[in-house]
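First the structure, in the form of structure tokens, and then the observations on it.
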Amino acid sequence: MPFEYETNLTALVNVLKNSNTTTATHNLSLSLSSVIINDNIQASDPEIITVRNDRLPSVFVRISNKDESFAGVGQTGVGTTRAKKEANVVYDVIGMYGKDSAQDSHETLLGQVYTMARNIETVISHEFTLSNTALWCQAASTDFYGPFNVQGGGWVKVILIKVEAKYLFR
């Protein structure tokens, strides 16, 4: 069986969505002044879709990179052999948080962006097997960008969290 890109991408999106409730142990929207709507957590690329200010905050997940290596000797993908492959996958988890009102200062926006980054990192660190689809995953780096002007007016700050995950498959 080849590596299942969409299945594994969906698993990460579902972990984030399942943690986006007030009853979750690690709430994705904890301490944010604007709650993340589940429809705004998606496997998509904000660089090729139009992001509107009324759809913020949002979280996008995409695969950035994948490397494979053999974990055993022999042909993979057939039932008669136990040979497996390892895949190291890097996901981009992109959080976008907009300025809530004209009265909000840049410092207020920064505080919300840092809280959102912390919440995403916390969810990932506590769901490190991505619902048992990965051997492990971790937030490897976090970068902050912007502010950028978005369609409909308003300003948005962007978080890019690189998440590394390891998989074992046939």
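The values are calculated or read from the model by the stated rules, or taken from the named source; none is laboratory data. Quantities reported herein were computed from a predicted structural model and do not represent experimental measurements. Here the Cβ is made from the backbone with ideal geometry for all residues, glycine too, and neighbour counts use every protein chain on show. Side chains are part of the model used for accessible areas, which takes the heavy atoms of the whole protein and leaves out ligands, DNA and RNA. Shrake-Rupley method; radii C 1.70, N 1.55, O 1.52, S 1.80 Å.
Report the calculated FRET efficiency for F128 and A83 (r = Cβ-Cβ distance, R0 = 35 Å), to the nearest 0.05. Computed FRET efficiency for F128 and A83: 0.85. The accessible surface of the chain, taken with every protein chain in place and a 1.4 Å probe, is 49 percent carbon and sulfur.
With viscosity 1.567 mPa s and temperature 4 °C, the Kirkwood radius over alpha carbon pairs of the chain converts through Stokes-Einstein to a diffusion coefficient of 76 µm²/s.
Extension gain, N65-L168: 0.36 nm per intervening residue step, less the Cα-Cα distance, totals 35.5 nm. Taking all protein chains together and a 1.4 Å probe, the residues Y97, Y114 rank Y114, Y97 from largest to smallest accessible area. Once both labels are positioned 7 Å from their Cα atoms along Cα-to-Cβ, the gap between D143 and E6 label points is 2.9 nm. Counting only heavy atoms of the protein chains and using a 1.4 Å probe, D54 has close to 100 Å² of accessible surface.
Under the 0.36 nm per residue contour assumption, what length would be gained going from the current alpha-carbon distance of T108 and D39 to full extension? Please report the intermediate quantities before stating the final value.
On the way: separation 69, 0.36 × 69 = 24.84 nm, distance 2.47 nm.
So the chain would gain 22.4 nm between T108 and D39.
Nearest 500 deg cm²/dmol is fine: what mean residue ellipticity at 222 nm does the chain get from its DSSP H runs of n ≥ 4 alone, each adding -39,500 (n - 2.57), divided by its residue count? Intermediate results must be reported in sequence, preceding the final value.
Numbers: 2 runs with 35 residues, N = 170.
Helix contribution divided over all residues of the chain: -7000 deg cm²/dmol.
Once both axes come from the Cα atoms, what is the angle between helix 106-126 and the longest principal axis of the chain, in degrees from 0 to 90, rounded to 10? That helix lies at roughly 20 degrees to the long axis. Ligands, DNA and RNA excluded, the heavy atoms of K66 present near 50 Å² of accessible surface to a 1.4 Å solvent probe.
Of all aspartates and glutamates in the structure, those lying under 19 Å Cα to Cα from K84, and not within fewer than 8 positions of it along the same chain, are E4, D67, E68.
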